[in-house]
Every structure is written in structure tokens, then in C-alpha cells.
Amino acid sequence: EPSCRRRRRRLRRRLRGAWRAMPSEENSASKNWERYVGILVGQGRTIFGAAVLPIAPDQPTLRKSAILAQKGISMRVPEVTALVEAVMAGRVHQDYVQAAGHQYLITTVNESSFYGRCTSTATAAGIILLKMGPFLVLAVYTEPTCATEAIPYVHRSVDDLAAAMSMQPPGV
């Protein structure tokens, strides 16, 4: 469908623009992540909130205390620490996941992604966790968006981001 292609092309251009010619300073990188999360959440039609978390296996101190960016949700450091440790240990599906004040049960596990549903009966919501190199992208969706719409959307945007990042010089 042409409109879907146009939207994807537009998203790809915005992502490339967010990463093009960026210096490797930490402050600038933080703004890049904030910009990416803002693009991912957009107007909140598909994704309600998102966060980018470091999962660098060689830097355990970084992954325990950092939230690179978040929008639409409010993650706390203890939640992030527990979530990242569970993902790194391969046990994220064995217990409930706490994110942004809600409890989720992981229902689907793939090699680099995890999908779950909110355990609250008052909230019809879901969570998507995607590993992208040394980062974990967390996305939350709520009604009226369903998993069949949110999961491909997040995968496409992460793929587009990975393509945009691969165009950068090493160290960015």
C-alpha cells in the first residue's frame, strides 16, 4: 500500500536525520536517544510509551543505573535494573516484569525480543522488549492498539534505527 510505504520512508528519513553527523559526546548521544524515543512514540497512536536502556554485557555498572531515554512512561532505576538483569540472565519470561508502574507477564519469547500483556484487568496493555546490539528498546501499547499492530511497528522502527546507526562512523 502506497500510504504505508510513504509513512515508512518518512520515518526512515527522520531517523537518519536524528543520527546523521552527530558528535560522539555523551550529552549529544543522550539527545539522539531522546529524539529517537520521541519519533517512536510520535503522537501516541500506536505506541503509548517507550524507553531505551543499555544492556552492554561488558559494562555491568552502566546497565544497572542508566535510562538512556524515555517518553510517555516513567521508569525508575530499580525497575530498569531488575528488567535489564532479567533480560541479560535469560529469565525475563520466568517472572512478572515491572515497567512504568504496571506489571506485565511475558507471553512470547524470541531470540532477541519478548512480548507480554499487562496483568491488570483495568488496563488492556502490552509490552514489547527488543534487544538491539548493546541496547534494549522497551515499548508499551494500550487499547485500542493491539499486539498485531504494535509489534510490527516497533520492529520496523528498530530496524530503521539500526540501519541509520550503521551509517554512522564507529564510536557514535
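Each reported figure results from applying straightforward, stated rules to the coordinates on display, with no laboratory input. The shown structure was predicted, so the numbers you read here are calculated from the model rather than taken from an experiment. For neighbour counting, all protein chains shown are included, and Cβ atoms are generated from backbone atoms with ideal geometry for every residue, glycine included.
Spin-label model, Arg45/Ala122: points 7 Å from Cα along the beta carbon direction are separated by 3.0 nm. For the stretch 116-170, the C-alpha radius of gyration sits at 1.35 times the compact-globule guess of 2.2 N^0.38 Å, with N the residue count. The protection proxy used here, the mean number of other Cβ atoms lying within 10 Å of each residue, ranks peptides 89-98, 67-76 as follows, highest first: 67-76, 89-98.
Plainly put, the stretch 88-156 has a radius of gyration that is 0.94 times its Kirkwood radius, both from alpha-carbon atoms, as the Rg/Rh ratio.
Taking Cα centroids, how far is the stretch 66-99 from the stretch 101-118 in Å? So the two Cα centres are separated by 11 Å.
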